[in-house]
1. Restricting to the range 73-96, what's the tally of residues that are part of a strand (DSSP E or B) and aliphatic (A, V, I, L, M)?
2. Mind listing just one residue for me: the one in the range 55-97 that is free of Cβ contacts under 8 Å to residues at least 24 places away in the same chain and among the hydrophobic types (A, V, I, L, M, F, W, C) and, of those, farthest from Gly115 (Cα to Cα)?
3. Going through Ala39, Ala47 one at a time, which residue ends up being loosely packed, with under 13 Cβ neighbours inside 10 Å and closer than 14 Å to Gln103 by Cα?
4. Filter the range 77-118 down to residues that are at pLDDT 85 or above and among the polar types (S, T, N, Q) and give me whichever is surrounded by the fewest Cβ atoms within 10 Å (Cβ to Cβ).
5. Write out, first by first residue and then by second, each pair whose Cβ atoms fall under 8 Å of each other, whose residues are 6+ apart or on separate chains, and whose first residue, in the range 108-131, is free of Cβ contacts under 8 Å to residues at least 60 places away in the same chain and within 19 Å of Pro32 (Cα to Cα) while the second is assigned to a strand (DSSP E or B) and of a type in the set (Lys, Arg).
6. Could you say whether any residue in the range 55-75 is over 16 Å from Gln103 (Cα atoms) and of a type in the set (Phe, Trp, Tyr)?
Amino acid sequence: MLSRLLCTLCLFVLFGPWQSAQAVDLAAKFAPKLRFDRAAVGYPMSAQPFYEAMQRNRNGATFVPPENLDVTSLHSGKVPTYYQVRQFGNQVRIHYWWFYGFQHPCFLDQGQHNGDWEHIMVTLAEDKNSIAAVTYYQHNGS
């Protein structure tokens, strides 16, 4: 079951009322795999170093955000996957988030910004043994 964990990333409970042992098991069982192509520049990281850097930088000086440029960190067990498991009737929805300290430019050299959360939702079938749907979130547009 844990072999499906995203590149052996740690799972962390974010918040929510339905955080039983079953919820933890479901989050691990249906955790998506993160894949990066060779052109990838930044990788997920804990949000904590970014938050701490922001707190130290309250004077408004130029902020250089911490970011993760080390692809090997994906297999270290130190990069968290934040998640929330919610049940609506017989349906379970698992939200997964990953934090990036810096979003590098994407298409046409646009879109760079500090502090980026990526998010998907996995909706389980009513029997909780398979995936009924996956919803991908993005910032703007289609």
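The values are calculated or read from the model by the stated rules, or taken from the named source; none is laboratory data. All values reported here derive from a predicted model rather than from experimental measurement. FYI the Cβ positions are ideal-geometry reconstructions off the backbone, even for glycines, and counts take in every protein chain you see.
1. Within the range 73-96, residues that are part of a strand (DSSP E or B) and aliphatic (A, V, I, L, M) number 3.
2. Among those that are free of Cβ contacts under 8 Å to residues at least 24 places away in the same chain and among the hydrophobic types (A, V, I, L, M, F, W, C), it is Phe88.
3. Values: Ala47 fails: loosely packed, with under 13 Cβ neighbours inside 10 Å.
Ala39 is the lone residue from the list that is loosely packed, with under 13 Cβ neighbours inside 10 Å and closer than 14 Å to Gln103 by Cα.
4. Asn90
5. Cβ pairs passing all conditions: Met121/Arg93; Thr123/Arg93.
6. no
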